[in-house]
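Q: Below is one structure. I have some questions about it.
The values are calculated or read from the model by the stated rules, or taken from the named source; none is laboratory data. Since the model is a prediction, treat every value here as computed from it, not as a measurement. All Cβ positions, even for glycine, are placed from backbone atoms using ideal geometry, and neighbour counts span all protein chains on display.
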């Protein structure tokens with residue numbers, strides 16, 4: 001009985017090309033998280049921000065409620081770390097690639113930001129594809145939460161440990177007091193196959209074996225998320241090619 | 001006829017200029033040696049020397065000054081009293097700043113600040129109920145102000161300063177005033193709480209071995225692991241990074257942040273870093289304990 005068999009899994013859905021004044025846009029919905037990302041680029045850049053050999057990447061994260069805080073800076077920093085190597089920056093020197101991440105609904109409980117981060121990474125990738133920004137590979141991300149199960153619940157691991165994958169806010173709040181560790185993992189894929197780990201944020205109380213196991217589970221999930229992205233892209237292209245039908 | 005002058009004179013520049021202009025090439029010159037060595041003359045798995053001083057600042061519940069290599073962080077712990085109903089999820093608020101900085105904080109500083117708050121919250125460093133003020137509906141919350149004395153954003157040094165300061169924090173005994181009252185959240189009145197100037201009680205932490213923060217870099221290509229990255233040259237040359245918050249020994253890990261950059265980070269890299277991190281955590285525990293024991297602490 002592997003971890004993935006028994007863990008509940010929210011289905012993700014994506015739509016693209018719905019914003020008109022930007023080069024690319026994407027919406028990613030998973031669990032109760034909903035993120036919209038717009039990408040414009042390569043476009044003109046300020047002289048001050050111009051880089052002579054590569055494109056400048058500007059990422060802005062806007063929260064669902066309240067004012068921008070250090071939390072958005074943290075998310076922006078992590079998203080940048082993922083995409084700085086995935087986007088082929090040296091193809092467009094002295095230009096700007098502007099990414100705006102709008103959190104429509106974070107889907108996280110009060111103390112976490114894992115769903116926001118993983119959904120934002122997925123939405124950003126879809127938007128970059130939609131905008132036609134050159135990228136080296138595919139990126140997909142997921143959130144995995146380990147928690148202590150109550151006596152009556154079936155647990156997938158020895159020692160009463162339950163797993164949630166890309167959960168909704170209600171599911172998070174239900175187990176909030178029993179959370180053991182939270183893992184946000186992003187993988188790079190090429191040709192639909194996992195290439196390497198690009199980002200991981202693990203918080204809580206966990207052992208070396210647990211975190212490595214989380215990486216393995218995340219790889220399988222990211223592969224399936226990659227399939228979801230493929231389907232969304234195929235649908236998007238079919239929509240755009242409607243005019244070809246005679 | 002004078003001898004032909006050379007077409008262009010050879011340029012000579014200092015190593016520092018070389019390091020500034022071409023940090024990756026400069027770094028490569030050192031690391032390609034056999035055995036590899038870093039520009040700071042540390043071996044790949046060698047950590048920076050660390051010095052900790054505690055309780056040096058007046059008017060704080062606890063304080064520390066931590067120096068690792070060229071990075072220095074100062075942490076002061078103070079507190080304020082709030083109504084228990086207004087208390088948020090955390091009994092500890094952290095703020096990281098750079099000494100002498102003006103204007104809005106740079107995004108990297110904000111990122112470090114947020115990371116510290118989230119890590120402190122998740123690490124559950126102490127039981128907040130020990131801060132509740134008896135016979136009142138009020139509680140104490142602690143505020144940790146960390147000041148970085150160097151231009152480098154070193155989250156691990158800032159975190160070390162926070163831990164060291166908390167390890168020596170003493171909460172003054174609350175004294176209920178008999179001449180002044182305050183309004184509580186549900187519109188009752190309560191005596192105002194003041195702090196005793198003479199009696200203090202140690203803040204009990206949930207850890208015997210503290211959860212220190214240790215950072216590593218993983219090089220592109222060779223996959224060489226470098227412990228304790230410091231400085232512009234190393235940061236520009238080594239893109240893959242792993243940051244671990246853990247205590248020594250068999251205990252669990254509190255935080256593991258990984259960003260591959262251009263490098264390929266394997267499970268062996270992660271295992272190696274965790275092992276090195278635990279050893280370093282034990283070393284830092286010992287440095288702090290010696291410091292406190294030698295009377296500098298209290």
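Q: Can you tell me which of B:277, B:227, B:236 is within 19 Å of the chain's Cα centre (by Cα), within 19 Å of residue B:42 (Cα to Cα) and within 14 Å of another protein chain (Cβ to nearest Cβ)? If you could, list the steps in order and put the result at the bottom.
A: Working: B:227 fails: within 14 Å of another protein chain (Cβ to nearest Cβ); B:236 fails: within 19 Å of the chain's Cα centre (by Cα).
Unique residue meeting the criteria: B:277.
Q: Given the criteria loosely packed, with under 14 Cβ neighbours inside 10 Å, in contact with a helix residue (DSSP H, G or I) (Cβ under 8 Å, 6 or more places away or on another chain), touching a residue at least 24 places away in the same chain (Cβ under 8 Å) and more than 30 Å from residue A:148 (Cβ to Cβ), does residue A:13 qualify? Before the answer, list the steps.
A: On the way: loosely packed, with under 14 Cβ neighbours inside 10 Å: yes; in contact with a helix residue (DSSP H, G or I) (Cβ under 8 Å, 6 or more places away or on another chain): yes; touching a residue at least 24 places away in the same chain (Cβ under 8 Å): yes; more than 30 Å from residue A:148 (Cβ to Cβ): yes.
So residue A:13 fits the description; yes.
Q: How many residues, within the stretch A:68-81, are touching a strand residue (DSSP E or B) at 6+ places or on another chain (Cβ under 6 Å) and crowded, with 21+ Cβ neighbours inside 10 Å? Working first, answer last.
A: Going through the stretch A:68-81, the residues touching a strand residue (DSSP E or B) at 6+ places or on another chain (Cβ under 6 Å) turn out to be A:72, A:75-76, A:79-81.
Of the ones still in play, those that are also crowded, with 21+ Cβ neighbours inside 10 Å are A:72, A:75-76, A:79.
So the answer is 4.
Q: (1) surrounded by fewer than 16 Cβ atoms within 10 Å (Cβ to Cβ); (2) in a loop (DSSP other than H, G, I, E, B): which one isn't true of residue B:207, the others all being true?
A: (1)
Q: On to the next question. In the stretch B:257-274, how many residues are outside any helix (DSSP H, G or I) and at the interface with chain A (Cβ under 7 Å from one of its Cβ atoms)?
A: Let us first name the residues in the stretch B:257-274 that are outside any helix (DSSP H, G or I), namely B:257-266.
In the following step, the residues that additionally are at the interface with chain A (Cβ under 7 Å from one of its Cβ atoms) were identified as B:257-262, B:264-265.
The total comes to 8.
Q: Residues B:147, B:106: which one is away from every other protein chain (no Cβ under 14 Å) and either in contact with a strand residue (DSSP E or B) (Cβ under 6 Å, 6 or more places away or on another chain) or at pLDDT below 90 (or both)?
A: Values: B:106 fails: away from every other protein chain (no Cβ under 14 Å).
Of the residues listed, the single one that is away from every other protein chain (no Cβ under 14 Å) and either in contact with a strand residue (DSSP E or B) (Cβ under 6 Å, 6 or more places away or on another chain) or at pLDDT below 90 (or both) is B:147.
Q: Of the conditions (1) within 23 Å of residue B:251 (Cα to Cα); (2) out of contact with any strand residue (DSSP E or B) (no Cβ under 9 Å at 6 or more places or on another chain), residue A:207 clears all except one; give me its number.
A: (2)
Q: Same structure, new question: Got a number for residues in the stretch A:181-209 being within 7 Å of chain B (Cβ to nearest Cβ) and either closer than 29 Å to residue B:221 by Cβ or under 15 Å from the mean Cα position of the chain (by Cα) (or both)? Give the derivation first.
A: First, the residues of the stretch A:181-209 that are within 7 Å of chain B (Cβ to nearest Cβ): A:196-208.
So of that shortlist, the ones also either closer than 29 Å to residue B:221 by Cβ or under 15 Å from the mean Cα position of the chain (by Cα) (or both) come out as A:196-202, A:208.
Residues that pass the stated criteria total 8.
Q: Still on this structure, please answer the following. Tell me, yes or no, whether the stretch A:212-231 has at least one residue that is touching a residue at least 24 places away in the same chain (Cβ under 8 Å), farther than 29 Å from residue A:161 by Cβ and crowded, with 18+ Cβ neighbours inside 10 Å.
A: yes
Q: Please verify whether residue A:65 is in contact with a helix residue (DSSP H, G or I) (Cβ under 7 Å, 6 or more places away or on another chain) and either buried (at least 20 other Cβ atoms within 10 Å of the Cβ) or on the phi < 0 side of the Ramachandran plot (or both), treating the condition exactly as stated.
A: no
Q: Within the stretch B:88-204, which strands (runs of 3 or more DSSP E) (wholly inside it) include 1 or more residues that are farther than 30 Å from residue B:256 by Cβ? If you could, list the steps in order and put the result at the bottom.
A: Working: elements: B:92-98, B:138-148, B:170-183, B:189-202.
The qualifying strands (runs of 3 or more DSSP E) are B:138-148, B:170-183, B:189-202.
Q: Of all the strands (runs of 3 or more DSSP E) wholly in the stretch A:98-199, which have at least 2 residues that are in contact with a strand residue (DSSP E or B) (Cβ under 7 Å, 6 or more places away or on another chain) and buried (at least 24 other Cβ atoms within 10 Å of the Cβ)? Can you show your working first?
A: Numbers: elements: A:138-148, A:161-165, A:179-190.
In the stretch A:98-199, the matching strands (runs of 3 or more DSSP E) lie at A:138-148, A:179-190.
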